[in-house]
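Beneath this line is the structure, given in structure tokens, with notes to follow.
The values are calculated or read from the model by the stated rules, or taken from the named source; none is laboratory data. What you are looking at is a predicted structure, and each value in this text was computed from that prediction instead of being measured. Counting neighbours? That spans all protein chains shown, and the Cβs are built from the backbone with ideal geometry, glycine included.
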């Protein structure tokens, strides 16, 4: 499966399709545990839960796909995106890593150059 990025949400104008991310993609909840101690010494715990998650994807893409992704991010950096992940789940997210950067891992000519990029997204599951 692939990862589909569409923006801006809700009136999707642009779509780009990325290959499946490398192993090691990450999904983290935004829950927080607060522990307070009263004047009598009694401890109380509070769980601040949130429906927002942080998604981290690492992609290996070709040079032409990197240029397409770069233009997509430049155009819709401050907008909300609709992301359909490789496992079929649909997210409404914002881009977190700014600036993003591409790292070249192999150069076998301009059409066969392979780059890596990491996208950090924060949003909610639909």
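Computed quantities for the displayed model
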quantity: The range 69-96: number of residues that are surrounded by 15 or more Cβ atoms within 10 Å (Cβ to Cβ) and closer than 13 Å to residue 15 by Cβ; calculated: 7
quantity: Filter pass, residue 40 being at pLDDT below 90 and more than 14 Å from the chain's Cα centre (by Cα); calculated: yes
quantity: The one condition in (1) touching a residue at least 12 places away in the same chain (Cβ under 8 Å); (2) not in a strand (DSSP E or B) that residue 99 fails to fulfil; calculated: (1)
quantity: Candidate set: the range 102-116, residues that are touching a helix residue (DSSP H, G or I) at 6+ places or on another chain (Cβ under 7 Å) and either within 14 Å of residue 18 (Cβ to Cβ) or not in a loop (DSSP other than H, G, I, E, B) (or both); chosen: the one modelled with the highest pLDDT; calculated: 115
quantity: The range 49-61, residues that are modelled with pLDDT of 90 or more and more than 12 Å from residue 121 (Cα to Cα); calculated: 59, 60, 61
